[in-house]
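Trainee: Questions regarding the structure given below will be posed in turn.
The values are calculated or read from the model by the stated rules, or taken from the named source; none is laboratory data. Not measured: the values here are computed from a predicted model. With ideal geometry, Cβ positions are generated from the backbone for all residues, glycine too; neighbour counts draw on all protein chains shown.
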Amino acid sequence: MGVAVATLAVPAAIAYDPYAWLVWGREIGRWQLDTTGGPSWKPLPVVGTALVAPFGGWAPALWLVVARTGALLAIVGTYRVAARLVARGAVGSAGRAASRWAGAVAVGALVLSPDPGPRYVRLYLEGHSAPLTAALTVWAIDRHLDGRHGAALVLGGLLALDRPEAWPFLAAYAVWVWRRDRRLRALVASVGIAVPALWFGPDWWGSGSPLNGADSARVLTDDTHRALDGLRRVAETVIAPAWVAAGAAVVDGWRRRDRIVLGLAAGAAGWFVLVVAMGAALGYAALSRFLLPGAVVVCVLAGVGAVRVAARLRSRRAQVVAVVVLVVLVAPAVVWRATGIVGQVDDVVTRDHQVDDLDAAITAAGGDLAVEACGRIAARDAGVPRVALAWKLDVPMADVATRPGRVPGTLFVPRPPAADSAREARRVARRTGGAVEVAAVTRHWLVYRIDCEPGAGGGQSPGVD
C-alpha cells in the first residue's frame, strides 16, 4: 500500500469506469442510486467506492490507493504462484534460484500485458479494477494450493463480483468445496447468495431493471468479425515468447502428469473462450482488460515453462546457445512492448491535466450552483470528462449529456490549441438555435451558457488562463 500511495505523485486521471463507481458509491451512501447514464454495473468496485465516498474530495485519491494496491498484489501473487510451482520437488540453492527466475519471468510478462499497448501500467495509474481481477485470480490459486479452500472460495466470489466470466468457475469450485468439506457449506451458500444479489439487486434499485447492466454492456451485435477480433485480442494478451514458454510448461506438465499445471492451462483457456464467446454471441465487448484473469495464468505458466526448459540444458554450450536465442528472439518483443509504456503514461498524464482543469472551468463559470441553475448540463466528450463532471458537480451521470440540445443549459467543450471562443460560440448557437454566451475560458475548456435566464449564470465574467 505504501508503494500505491507513493505513486499518487504521478499525475494520472481516474478512468471512465472508476469515476462512475465513485458517483455510484456516493449515491449509495445517500440512498439515491441511479445506475443509468454510465457503464455497466459492477458490484465489487462500487463496494470499495462506497467506503471511500464519505471522504468527499479525498475519495478519488483513496480509491486510487485501493485499486493500485490491488494491482501491486497481482504482481506479488504472480511471482509467488510461479515460484512455488517451480519449487515443488526442487531442493537446495539451485531450486531457490530457479523459483526466483520463474517468478521474475511471470511478473515481466504480466507487466507487458494485456495488449500491445501495453495497458497494465495504464490500468494501474487509472485506478481500474482489471488488475485487481488478476490479483484475485492468482491469490485464489495460491490459497487453494495451500489447502485454504474457504479463502480461495471467498476470493473467487470477489472475482465473480467484478467479472461475470468467473461465475461458471465459481459455481464449479463451490460444488467441489461443498462436497469436500461440510464445515464450509454455510460459506458456500453465503457466496452463492451474495453474488447474484449484489449483481442484480442494486442495479434493479438504481435503474428499475435487474438487467440494466447487461444491456449497457452490449455493443454491436451484428458484427460478423467479433469472434475473430476476440481471438486476436487473446493472442495479443501476452508477448509471443510468453506464449511459447507457457506452451512448454503445458507439454512438460503433460509428461509429468502435473494436474496443477494442466488445470491452470485449462482454466486460462476456458476464460478466454468465455470472453470471446460472450462477445461474439451476446454482443459484449471482448476488451483486453477482460482477459487479464486468463492472461495472468498464462504469465505464471510462462515463468514455469521458461525455467523448466532451461533446466533441461545441461551442457555449457547449450546454455550459451540458449542465451543467444533469447537475446535474438525475446529481447525485440520485450523492447517493442516496453516502449509503449511511455505513450500510455503520457496519455494518462494529458487527460489528468484536462480533467483537473474542470474544477477551474466550473469555478470560472460561476460555480456548481450556477452551472446547475442554467438547466441541462452537457460535455462534448462522452468519455472521462463527462463522468468526471458528474462527480465534481455532484449530480447523477444521467444528468450530464453529451449534447446540449435545444433547451437552456451549460455546455463544456474541450478547448483545442489556439481556439477562438467567440467563433466556437457561433457554432454552438447554429447547432442549438439558442442564444449563446461565453461562460468561461480555461486552459483546456470552453464553457458556454445557452438560453440562460439573466442571473442564472452567477454574473461572473469568463476566466481566461
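Trainee: Considering only region 387-422, state which residues are in contact with a Gly (Cβ under 9 Å, 6 or more places away or on another chain) and not β-branched (Val, Ile, Thr). Please lay out each step first, then the result.
Mentor: Start the filter on region 387-422 by keeping residues that are in contact with a Gly (Cβ under 9 Å, 6 or more places away or on another chain), which leaves 387, 390, 396-401, 404, 406-410.
Answer for region 387-422, where residues must be in contact with a Gly (Cβ under 9 Å, 6 or more places away or on another chain) and not β-branched (Val, Ile, Thr): Ala390, Pro396, Met397, Ala398, Asp399, Ala401, Pro404, Arg406, Pro408, Gly409.
Trainee: Does Val307 qualify as being crowded, with 21+ Cβ neighbours inside 10 Å, at negative phi and in contact with a helix residue (DSSP H, G or I) (Cβ under 9 Å, 6 or more places away or on another chain)? Outline the logic, then answer.
Mentor: On the way: crowded, with 21+ Cβ neighbours inside 10 Å: yes; at negative phi: yes; in contact with a helix residue (DSSP H, G or I) (Cβ under 9 Å, 6 or more places away or on another chain): yes.
Considered against the rule, which asks whether it is crowded, with 21+ Cβ neighbours inside 10 Å, at negative phi and in contact with a helix residue (DSSP H, G or I) (Cβ under 9 Å, 6 or more places away or on another chain), Val307 comes out as yes.
Trainee: Can you give me the number of residues within region 400-430 that are within 22 Å of Ala390 (Cβ to Cβ) and either in a strand (DSSP E or B) or in contact with an Asp or Glu (Cβ under 8 Å, 6 or more places away or on another chain) (or both)?
Mentor: Total satisfying the criteria: 11.
Trainee: Those residues that are surrounded by 16 or more Cβ atoms within 10 Å (Cβ to Cβ) and modelled with pLDDT of 85 or more, I need them from region 195-215; list them, please. Can you show your working first?
Mentor: The first filter runs over region 195-215 and keeps only residues surrounded by 16 or more Cβ atoms within 10 Å (Cβ to Cβ), leaving 195, 198-200, 202-204, 206-207, 210, 212-214.
Result: Val195, Leu198, Trp199, Phe200, Pro202, Asp203, Trp204, Gly206, Ser207, Pro210.
Trainee: Which members of region 167-187 meet the condition of being of a type outside the set (A, V, I, L, M, F, W, C) and either at pLDDT below 95 or more than 20 Å from Phe200 (Cα to Cα) (or both)?
Mentor: The first filter runs over region 167-187 and keeps only residues of a type outside the set (A, V, I, L, M, F, W, C), leaving 168, 173, 179-183, 185.
Across region 167-187, the qualifying residues are Tyr173, Arg179, Arg180, Asp181, Arg182, Arg183, Arg185.
Trainee: Next question. Among the numbered criteria (1) touching a strand residue (DSSP E or B) at 6+ places or on another chain (Cβ under 7 Å); (2) of a type in the set (D, E, K, R); (3) surrounded by 21 or more Cβ atoms within 10 Å (Cβ to Cβ), which one does Arg218 miss?
Mentor: In the conditions (1) touching a strand residue (DSSP E or B) at 6+ places or on another chain (Cβ under 7 Å); (2) of a type in the set (D, E, K, R); (3) surrounded by 21 or more Cβ atoms within 10 Å (Cβ to Cβ), Arg218 misses (3) alone.
Trainee: Continuing with the same structure: Can you tell me how many residues within region 35-66 are surrounded by fewer than 18 Cβ atoms within 10 Å (Cβ to Cβ), over 17 Å from the mean Cα position of the chain (by Cα) and touching a residue at least 60 places away in the same chain (Cβ under 8 Å)?
Mentor: 1
Trainee: Right, next: Restricting to region 301-358, what's the tally of residues that are hydroxyl-bearing (Ser, Thr, Tyr) and under 23 Å from Leu85 (Cα atoms)? First the steps, then the outcome.
Mentor: So the first thing to find is which residues in region 301-358 are hydroxyl-bearing (Ser, Thr, Tyr), and the list is 315, 339, 350.
Those still in the list that are under 23 Å from Leu85 (Cα atoms) too: none.
So the count comes out to 0.
Trainee: Does region 402-423 hold any residues that are among the charged types (D, E, K, R), closer than 20 Å to Leu358 by Cα and touching a residue at least 24 places away in the same chain (Cβ under 8 Å), and which are they?
Mentor: Step one: filter region 402-423 for residues among the charged types (D, E, K, R), giving 403, 406, 415, 420, 423.
Still in the running and closer than 20 Å to Leu358 by Cα: 403, 415, 420.
Hits for region 402-423 are Arg403, Arg415.
Trainee: While we're on this one: Being among the small types (Gly, Ala, Ser), in a helix (DSSP H, G or I) and under 28 Å from Glu165 (Cβ atoms) is the requirement here; does Ala59 meet it? Even if it seems obvious, please write down each step before you answer.
Mentor: Working: among the small types (Gly, Ala, Ser): yes; in a helix (DSSP H, G or I): yes; under 28 Å from Glu165 (Cβ atoms): no.
Considered against the rule, which asks whether it is among the small types (Gly, Ala, Ser), in a helix (DSSP H, G or I) and under 28 Å from Glu165 (Cβ atoms), Ala59 comes out as no.
Trainee: All but one of (1) modelled with pLDDT under 95; (2) surrounded by fewer than 19 Cβ atoms within 10 Å (Cβ to Cβ) hold for Val154; state the number of the condition that does not hold.
Mentor: (1)
Trainee: Return the total of residues in region 434-443 being buried (at least 21 other Cβ atoms within 10 Å of the Cβ), at pLDDT 90 or above and out of contact with any Ser or Thr (no Cβ under 7 Å at 6 or more places or on another chain).
Mentor: 2
Trainee: Looking only at residues in region 350-381 that are of a type in the set (Val, Ile, Thr) and modelled with pLDDT of 90 or more, which one is surrounded by the fewest Cβ atoms within 10 Å (Cβ to Cβ)? So that I can check it myself, show each step before the final result.
Mentor: Applying the first criterion (of a type in the set (Val, Ile, Thr)) to region 350-381 yields 350, 355, 362-363, 371, 377.
Now drop any that are not modelled with pLDDT of 90 or more, which leaves 355, 362-363, 371, 377.
Details: Val355: 22, Ile362: 23, Thr363: 16, Val371: 28, Ile377: 21.
Among residues in region 350-381 that are of a type in the set (Val, Ile, Thr) and modelled with pLDDT of 90 or more, the one surrounded by the fewest Cβ atoms within 10 Å (Cβ to Cβ) is Thr363.
Trainee: Let me ask you something else. Given (1) at pLDDT 95 or above; (2) within 17 Å of Trp199 (Cβ to Cβ), identify the lone condition not met by Leu22.
Mentor: With (1) at pLDDT 95 or above; (2) within 17 Å of Trp199 (Cβ to Cβ) applied to Leu22, the lone miss is (2).
Trainee: So, in region 382-401, of the ones that are among the small types (Gly, Ala, Ser) and buried (at least 23 other Cβ atoms within 10 Å of the Cβ), which residue ends up farthest from the chain's Cα centre (by Cα)?
Mentor: Going residue by residue through region 382-401, those that are among the small types (Gly, Ala, Ser) are 382-383, 388, 390, 398, 401.
With buried (at least 23 other Cβ atoms within 10 Å of the Cβ) added as a condition, the list becomes 388, 390.
Working: Ala388: 17, Ala390: 20 Å.
So, considering only residues that are among the small types (Gly, Ala, Ser) and buried (at least 23 other Cβ atoms within 10 Å of the Cβ), the one farthest from the chain's Cα centre (by Cα) is Ala390.
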